[in-house]
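Below is one structure; the comments refer to it alone.
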Amino acid sequence: MATVVDSIRAVVQGLRVSGRESEQRLGISGAQLHVLEELADNPALSINELAARTFTHQSSASMIVSRLVERRLVTRTADRADARKLSISLTAAGRAMLRKAPQAPQTRLVSGLRMLSRSDLKQLAKNLSVLTEIMGDQSATAGKATDLGSARMKEA
């Protein structure tokens, strides 16, 4: 179990350090940097497409884009094919920022996950879902282990 806990700590710490680095160097969050990276690879995405590519909810992607628009790092324009649809694109300032940016923590995480086999990824998803369910149960009971959580911890 120590190896699992150490591995989770290493992932969390790596994401935290990487996110802090982007905020200190660039003044934007890791999530904002991740959106800029996606737009560099996929120009003119809709909010829904961007949300899917960044594995976030549409409302979160929209909020991040609004902050990036305020900083003039991206633009929102009416789609040429469908004026009801907005396309999000990098500005010259956004591209310039990416040239000096470290890789976003979310991009590093997604890249690492893509290196796993399909079966390993499915197993990891299943195990992490169980873990988050147990942790959710524990937080709901003020830190006391639930019967489900206790049983599963003993199995590990």
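Between SER60 and SER119, the modelled labels are 3.1 nm apart [label points 7 Å from Cα along Cα→Cβ]. Counting Lys and Arg as +1 and Asp and Glu as -1 over every other residue whose Cβ lies under 9 Å from the Cβ of LEU45, the net charge comes to -1. Taking amide H as placed 1.01 Å from N in the peptide plane, SER46 has its amide H under 5 Å from the amide H of ILE88, each at least 5 places away in sequence or on another chain. Backbone geometry of the range 11-19 corresponds, through the Karplus equation with coefficients 6.51, -1.76 and 1.60 at θ = phi - 60°, to 3J(HN,Hα) couplings of 5, 4, 5, x, 5, 5, 5, 5, x Hz, x marking Gly and Pro.
Charges were assigned to the Cβ only: +1 to each Lys and Arg, -1 to each Asp and Glu. The resulting dipole of the chain about its Cα centre is roughly 420 debye. Gain on full extension, evaluated as 0.36 nm per residue between ARG84 and LYS100 minus their Cα-Cα distance, stands at 2.3 nm. The candidate values are (1) 19.0, 58; (2) 32.2, 119; (3) 22.8, 93; the one derived from this structure for Rg and Dmax of the Cα atoms in Å carries the label (1). Think of each Lys and Arg Cβ as +1 and each Asp and Glu Cβ as -1; about the Cα centre, that makes the dipole of the range 64-130 roughly 120 debye.
Coordinate-derived values only; no laboratory data. Just so we're clear, the structure is a prediction, and the values are computed from it rather than from any experiment. No Cβ is skipped: glycine too gets one built from the backbone with ideal geometry, and neighbour counts run over all protein chains shown.
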